[in-house]
Amino acid sequence: MPFATAFTDPAPSPEDLADLPGTVAVEFGVDWCPHCQGAQPLLREALQDRRDITHIKIEDGPGRKLGRHFKVKLWPTLVVLRNGEEIGRVTRPQSAQEVEEQLPVGI
């Protein structure tokens, strides 16, 4: 799946994410966040050619339970899951390489 450009609405439940097979990169943030906006080119570079990874953008904030489930404190936070288990995480990445280091080796 290519790089996601829009937020998923409604957000999936933790159980829905746990049921997704393979590797899933779950990005938490909001459109208006300057940190989120600045990270988009880095995330796109790291994820755009990774057809083995499903990228999902989740809008986070007050009343949004999924971010609390994953203990997200700052935006953007990318949580990498493999078969429902967290295998990596990066918050406010400063480079595409920082994101790539949290991803499993490509298939």
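Any idea of the accessible area per residue across the chain, 1.4 Å probe, to the nearest Å²?
The answer is 57 Å² per residue.
Averaging sequence separations of C-alpha pairs under 8 Å and six or more residues apart, then dividing by the length of the chain, give the relative contact order as a whole percent.
Working: 185 pairs, mean separation 38.7, N = 107.
With pairs under 8 Å counted, the relative contact order is 36 percent.
Cα extents of segment 14-102 along the three principal axes, largest first, in whole Å?
Cα extents, longest axis first: 33, 31, 16 Å.
At 1.4 Å probe size, with the rest of the protein present, what percent of the exposed accessible area of segment 14-102 is carbon and sulfur atoms?
Working: 2340 of 4850 Å².
Carbon and sulfur atoms account for 48 percent of the accessible area of segment 14-102.
The values are calculated or read from the model by the stated rules, or taken from the named source; none is laboratory data. These figures come from a predicted structure and were not determined experimentally. The area values use the complete protein model at the heavy-atom level, side chains included, leaving out ligands, DNA and RNA. Shrake-Rupley method; radii C 1.70, N 1.55, O 1.52, S 1.80 Å.
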